[in-house]
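Just passing along the structure, written as structure tokens.
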Amino acid sequence: MTTEASTPAPNSGGMPPRFFWERPHAGGRPDGADLAALRRGAGRDPGTVPQMWRYYTTLNKEGQETPGLRAEHAALVLFAMHQQSQTRLMHAVGVGLGAAVRCLRESEKFSADAVDRRFEAAATATSLSEASYHLRGLVRQLRGVPQTLDYTRLYWDLLSWQDPDRIGQVRRRWGSQYFLGRDQKTDTAVSTTS
């Protein structure tokens, strides 16, 4: 376990995996019992679910609820929901939230308007608990496609979400991933027929 002062750094090639979703798992994906333990944290305060304690990397000796613990708790719960019943690992480096939700929209499994509204609700949330609530709905939909997501990047985004000076950058990143190039097929079709 680490203290908040030694908040984990992004995994860079030579570093051993840190977060639960980055660790090697038998068969390439986590055990169902581990995922069930993590899903128990949905809607609960970080660090208060004993079944989750062994999966955290950000617990501290004083038992303080830190921004790192809150972000990791949310990411663990989201990952466990996303990974449930999947045959391959749903954590994929480099797939930001906006890009993953754009793929969800393009899958046409759900109406484009419904995906837009759900994504907007997550992006405009004013607290981490509200954002986590909306992200749980998106993750359930991502699971149905199935679309992967970079949970390490999501952890860092959720950590930044708690800082009023950095939340705007997270929203802009999510928005650019979601909208840039989203309607290229439509735009190309329109420009070739004009």
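As an exercise: evaluate GLY68 against (1) farther than 20 Å from PHE20 by Cβ; (2) in a helix (DSSP H, G or I) and give the number of the one condition it does not meet.
The number of the failed condition is (1).
Okay, moving on. Could you give me the residue pairs with C-beta distances under 6 Å whose first residue belongs to region 71-99 and is under 20 Å from GLN169 (Cβ atoms) and of a type outside the set (Ser, Thr, Tyr), whose second residue is open to solvent by 20 Å² or more (accessible area, probe 1.4 Å) and assigned to a helix (DSSP H, G or I) wherever it lies, and which are 6+ apart or on separate chains?
Going by the 6 Å Cβ cut-off, the qualifying pairs are ALA71/LEU159; GLY96/ARG153; GLY96/GLN177; GLY98/GLN177; ALA99/GLN177.
Could you say whether any residue in region 81-90 is open to solvent by 10 Å² or more (accessible area, probe 1.4 Å) and not in a loop (DSSP other than H, G, I, E, B)?
yes
Among the residues in region 20-29, are any of a type outside the set (Asp, Glu), surrounded by 14 or more Cβ atoms within 10 Å (Cβ to Cβ), more than 23 Å from PRO164 (Cα to Cα) and modelled with pLDDT of 95 or more?
The answer is yes, given that some residue of region 20-29 is of a type outside the set (Asp, Glu), surrounded by 14 or more Cβ atoms within 10 Å (Cβ to Cβ), more than 23 Å from PRO164 (Cα to Cα) and modelled with pLDDT of 95 or more.
Which pairs do you get when a residue that is more than 17 Å from ARG136 (Cα to Cα), found in region 104-119, comes within reach of a residue that is open to solvent by less than 60 Å² (accessible area, probe 1.4 Å), reach meaning Cβ atoms under 8 angstrom, with the pair 6+ apart or on two chains?
Note: pairs meeting the criteria are GLU106/ARG182; SER107/VAL145; SER107/GLN147; LYS109/GLN141; LYS109/GLY144; LYS109/VAL145; ALA112/ARG105.
So for region 61-75 (the condition being touching an Asp or Glu at 6+ places or on another chain (Cβ under 7 Å), within 13 Å of SER132 (Cβ to Cβ) and not hydrophobic (A, V, I, L, M, F, W, C)), does at least one residue qualify?
no
The values are calculated or read from the model by the stated rules, or taken from the named source; none is laboratory data. Everything quoted here is computed from the prediction, not taken from an experiment. As a convention, Cβ positions derive from the backbone with ideal geometry for all residues, glycine included, and neighbour counts pool all protein chains shown. Just the protein is used for accessible areas: all its heavy atoms, side chains included, with ligands, DNA and RNA removed. Shrake-Rupley method; radii C 1.70, N 1.55, O 1.52, S 1.80 Å.
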